[in-house]
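Working notes, beginning with the structure itself.
The values are calculated or read from the model by the stated rules, or taken from the named source; none is laboratory data. Values in this document were obtained by computation on a predicted structure and should not be read as measured data. Cβ placement follows ideal geometry from the backbone for every residue including glycine, while neighbour counts extend to all protein chains displayed. SASA here: full protein model, heavy atoms, side chains in, ligands and nucleic acids out. Shrake-Rupley method; radii C 1.70, N 1.55, O 1.52, S 1.80 Å.
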Amino acid sequence: MLSIQGVHTFYGQIEALKGVDIEVQEGEIVTLIGANGAGKSTLLMTVCGNPRAASGRIYFDDQDITGLPTHDIIHRGVAQAPEGRRIFPRMTVIENLRMGALSTEDAYFDDDVASVFNLFPLLHERRNQRGGTLSGGEQQMLAIGRALMSRPKLLLLDEPSLGLAPMIVKQLFAVIKEINEQQGVTIFLVEQNAYHALRLAHRGYVMATGEVIMAGTGADLLANPRIHAAYLEGGHQGA
Amino acid sequence: MAYFTQQLINGLTLGSIYGLIAIGYTMVYGIIGMINFAHGEIYMLGAFIAIITFLLLGLAGVTFVPLVLLLVLILSMAFTAVYGWTLERMAYRPLRGAPRLAPLISAIGMSIFLQNYVQILQGARVKPIQPVLTGGMVLTQTEGFAVTLSYLQLIIIVLTVVLMVAFSLLIGKTKLGRAQRACEQDRAMAALVGVNVDKTIALTFVMGASLAAVAGVMVTLYWGVIDFFIGFLAGLKAFTAAVLGGIGSLPGAMLGGLLIGLIEAFWSSYFSVEYKDVASFSILVLVLIFMPYGLLGRPEIEKV
Ligand SMILES: Nc1ncnc2c1ncn2[C@@H]1O[C@H](COP(=O)(O)OP(=O)(O)OP(=O)(O)O)[C@@H](O)[C@H]1O
Ligand SMILES: [Mg+2]
């Protein structure tokens with residue numbers, strides 16, 4: 001479904017991605033972990049064409065999307081809940097969801113809003129509140145909900161659990177699983193919460209300084225002692 | 001009192017015209033965070049296209065006044081919109097991502113170019129037009145002073161109100177309006193939900209330009225004379241109006257326009273015509289000292 005082949009991305013002189021190869025098959029949940037500054041967010045944004053890959057190719061649904069403008073890529077069925085949530089601050093919850101639904105038919109709107117509210121009942125209570133005044137966790141839910149509104153084939157999630165209470169994190173991962181299994185959405189997930197994210201995933205990749213350094217099934221990576229030492233120390237297992 | 005009412009009517013008329021131009025400044029500022037310094041010239045082009053259309057319609061024998069007005073409005077808006085679109089394509093889009101000063105200067109360049117372009121094509125002399133719409137209604141008559149509302153003033157005020165309502169609905173309720181607000185609030189995120197940002201920005205210029213065209217048509221009718229330089233002062237006044245109301249705010253632009261119009265009308269009639277501009281700009285300075293974001297503007301600070 002998504003095939004990233006030898007992608008290099010630069011910010012001015014800085015080479016943030018140094019030839020990344022990643023495959024995501026239809027129906028999978030794929031998790032990407034890595035230290036701060038490894039280039040995870042850059043990779044998700046490069047898939048969406050901003051910044052643009054300097055070299056290498058990105059295929060979505062067997063079509064080359066490397067040079068396409070961002071809005072074209074989105075209209076083909078990619079959605080992203082980006083780093084920092086990026087809620088439209090002066091739009092209400094409903095309006096934010098409406099923005100998410102921009103690339104689908106208007107007729108779907110009511111049903112899709114209902115299913116987002118079903119996943120995140122808290123958003124329903126806040127539906128007429130302005131995005132900028134939501135709490136961090138509420139914004140995170142809205143960011144995911146907004147991404148779902150476009151009925152994406154591929155959902156890119158950049159650290160969805162960031163800043164959420166442990167209870168909510170658990171629920172969130174259950175929701176991600178639900179989206180994947182019941183709505184058939186393919187998910188490419190970036191996480192710091194390596195334990196949960198790898199347990200959830202069919203497969204995983206590990207990035208460091210702009211390169212993929214390890215790949216495998218979620219279970220394999222979880223069992224790998226190097227991963228343990230680098231990303232899982234500090235009691236995550238118990239969570 | 002009668003005299004006061006008369007000045008109120010005159011001020012509202014003038015203010016409507018400033019307000020229509022000011023909306024273009026405020027919309028463009030809202031979406032790209034930059035002042036369109038060629039917007040006054042867009043308005044001037046609107047006035048010239050209006051005068052040319054009036055002449056052509058006259059030659060073609062179209063004399064039914066409502067039809068003439070409608071055709072002039074539509075054609076002027078359409079052609080001016082093309083200028084607005086071209087302006088964005090030439091002066092702004094190639095410089096997207098460049099330092100902020102660059103598009104500012106290219107817009108000033110466009111402004112100078114457009115003035116000279118019209119001067120060369122149309123000549124530097126003042127262009128007069130036969131009155132198209134005359135007459136009016138006497139509202140009150142006291143002690144030999146009649147308060148009149150001319151049909152033209154009525155049209156200007158009503159048309160402005162209608163356009164304001166239509167634009168507020170467009171921005172508040174339509175897909176395009178939401179896309180514009182999204183670009184305004186977070187351009188990269190707007191693209192990430194599928195908004196065609198370049199197209200949305202271009203359409204914003206087009207909308208601003210067509211409103212400026214309406215102002216241009218109205219001024220042509222109201223004053224009966226135009227020249228290639230009218231964009232400068234009107235642009236400056238409308239810009240002042242936009243800042244006074246709070247740049248980026250649509251109701252603010254309209255309110256600012258009305259205030260500037262009223263200040264000018266009252267100052268000219270009760271004090272001195274020469275100092276009317278000084279009065280408007282002084283009020284601007286005073287408002288900005290006490291309300292740095294303008295009357296209806298908001299500070300940029302936001303919880304992210
Ligand atoms: N807009 C930018 N301009 C310049 N450098 C940038 C920019 N964005 C990211 N970088 C750099 O690119 C590298 C990769 O950043 P990126 O945000 O992709 O990391 P990340 O893996 O998502 O990290 P984190 O886990 O902290 O979110 C970092 O060194 C960062 O400093
Ligand atoms: Mg990141």
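Using only Cα coordinates, the Kirkwood hydrodynamic radius of the stretch B:195-294 works out to 14.9 Å. Couplings 3J(HN,Hα) of the stretch A:72-77, computed from phi: 5, 4, 4, 5, 7, x Hz, in residue order, whole Hz [Karplus 6.51 cos²θ - 1.76 cosθ + 1.60, θ = phi - 60°; x for Gly and Pro]. Please state, rounded to one decimal and in Å, the Kirkwood hydrodynamic radius that the protein assembly as shown gives when every pair of distinct Cα atoms enters the mean of 1/r. With all distinct Cα pairs of the protein assembly as shown included, I get 26.2 Å.
Spread over its residues, the convex hull of the C-alpha atoms of chain A is 119 Å³ per residue. For the stretch A:1-138, pairs of C-alpha atoms spaced more than 21 angstrom apart make up 52 percent of the total. Each residue of the stretch A:156-162 was assigned a 3J(HN,Hα) from its phi angle through the Karplus curve 6.51 cos²θ - 1.76 cosθ + 1.60 (θ = phi - 60°); the sequence is 9, 10, 9, 6, x, 8, 4 Hz, with glycine and proline shown as x. Put simply, the Cα atoms of the stretch B:114-218 extend 65, 41, 18 Å along their principal axes, the longest span coming first.
The modelled label-to-label distance between A:Ala215 and B:Tyr3, using points 7 Å beyond Cα along the C-beta direction, is 8.6 nm. Give the interface area between chains B and A as buried accessible surface, both sides summed, probe 1.4 Å, in Å² to the nearest 100. Answer for the B-A pair: about 2200 Å² buried. For peptide A:75-84, the mean count of partner chain Cβ atoms within 10 Å of a residue's Cβ comes to 2. Residues in the stretch B:98-182 average 60 Å² of solvent-accessible surface per residue, probe 1.4 Å, ligands and nucleic acids excluded. Normalised per residue, the accessible area of chain A is 42 Å², obtained with a 1.4 Å probe and no contribution from ligands, DNA or RNA. The mean count of C-beta atoms from other chains within 10 Å of the C-beta of residues in B:179-189, rounded to a whole number, is 5.
Mean partner shielding of peptide B:192-204, defined as the number of other chain Cβ atoms within 10 Å of each residue Cβ, is 6.
Distances between placed amide hydrogens fall under 5 Å for A:Ile213 paired with A:Val206, A:Met207, A:Ala208, all partners being 5 or more residues away or on another chain. Using the Cβ-Cβ distance between B:Asn116 and A:His228 with R0 = 60 Å, the FRET efficiency computed as 1/(1 + (r/R0)^6) comes to roughly 0.25. Take the convex hull of the alpha carbons in the stretch A:1-44; its mean projected area over all directions comes to 3.2 nm².
Taking the protein heavy atoms of the stretch B:2-290 in the context of the full set of protein chains, the accessible area attributed to carbon and sulfur is 73 percent at 1.4 Å.
Here the Debye sum runs over all C-alpha atoms of the stretch B:2-290 as equal scatterers in vacuum, and log10 of I(q)/I(0) at q = 0.13, 0.14, 0.15, 0.16 Å⁻¹ comes out as -0.90, -1.03, -1.17, -1.31.
Restricting the calculation to Cα atoms, every distinct pair contributes to the Kirkwood radius of the stretch B:1-131, found to be 16.8 Å.
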